[in-house]
Each structure stands twice: as C-alpha cells, then as structure tokens.
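Okay, structure first, notes after.
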Amino acid sequence: MDQHLIVSLNINHLHYKLLSRINAEKNLKNKNKMGYYIDKTSKGTILPACDKADYLILDGAKEVKAEFQPNLVCIVENGFFDAAGYAYSKNEFDQFNDPNDNRPKRWLIYPLAGKLSGYNKEK
C-alpha cells in the first residue's frame, strides 16, 4: 500500500478519534450519551469500514426516507469509513438530519438496531 495513503488514513483516524473524544467530553458535561452505533450484524460479523448500509440490508434492514420512526438507523458516509448511528429519539434523528451536515446519508429501518447498538442494554 502507498505510504502516503497509509499516513493519510492514520491522520484521518486520529482526527476522528480526537473529535470523538472532544464530543464525548462535551456530552459528559451535558450528561448526554454521545450516541449508539452499530458495528456488527445479528450474526456477529463485524461491519466493514464502508458500505455498512448494504451489509445491514442483507441482515434484514430496509432503506427508507429520512423520517423519524422506531428502529431508525442513519448511515453517515465519512469518506474513509461509514458510521451506523441508531436514531433512538426524535432529538437524535434531528442531530443526524442536520441540514448543515452535507455528508451523504442513508436511512434504514433495522429491527435489531436497539439491541446491536447497545441502547436496549442501558434502558
């Protein structure tokens, strides 16, 4: 693999981790959970960095319009990786659906979203 690509991937990963840490600290001050994310399928298969929506569809999810409803998952395409966030509330949906956030997104209904994101364990 090209050394420049490896360095770029590492820098992007570190940047993501730093932003995640900053956001987590802000949310702790506000006593909010940062969010719930899905990293594996119902069979325990780890989702790849990209194309998470396609893997979740193969695992029983259905693509839908961006409207809040139960078991809603937002796939945010971040370039080098996707994030599969569980929109467990209207407020969480509104954060994912921020009109100022221009990252590509796909919306899925996934009956196992609460369980596989860890949300049901905490509630």
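Filter region 67-77 down to residues that are part of a strand (DSSP E or B) and hydrophobic (A, V, I, L, M, F, W, C) and give me whichever is farthest from Leu47 (Cα to Cα). Residue satisfying both the conditions and the ranking: Leu72. So Phe80 passes all but one of these: (1) touching a helix residue (DSSP H, G or I) at 6+ places or on another chain (Cβ under 8 Å); (2) part of a strand (DSSP E or B). Which condition number does it fail? (2) is the only condition that Phe80 fails.
Just to check your reading of the model, which residue among Ala24, Ala87 is closer than 20 Å to Arg103 by Cβ, in the same structural domain as Ala113 (by TED's automatic domain parsing) and either at pLDDT below 55 or of a type in the set (Gly, Ala, Ser) (or both)?
Values: Ala24 fails: in the same structural domain as Ala113 (by TED's automatic domain parsing).
Sole residue among the options that is closer than 20 Å to Arg103 by Cβ, in the same structural domain as Ala113 (by TED's automatic domain parsing) and either at pLDDT below 55 or of a type in the set (Gly, Ala, Ser) (or both): Ala87.
Residue-by-condition table, conditions (1) modelled with pLDDT under 95; (2) of a type outside the set (Gly, Ala, Ser):
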position: Lys52; (1), (2): no, yes
position: Tyr55; (1), (2): no, yes
position: Leu58; (1), (2): no, yes
position: Ala66; (1), (2): no, no
position: Asn78; (1), (2): yes, yes
position: Asn97; (1), (2): no, yes
position: Lys105; (1), (2): no, yes
position: Leu108; (1), (2): no, yes
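Looking only at region 85-120, residues that are part of a strand (DSSP E or B), more than 19 Å from Lys43 (Cα to Cα) and either basic (Lys, Arg) or in contact with a Ser or Thr (Cβ under 6 Å, 6 or more places away or on another chain) (or both) come to 2 in all.
The values are calculated or read from the model by the stated rules, or taken from the named source; none is laboratory data. These numbers were taken from a predicted model, which means no experiment stands behind them. A quick note on method: Cβ atoms are made from the backbone with ideal geometry, for glycine too, and the neighbour counts reach across all protein chains shown.
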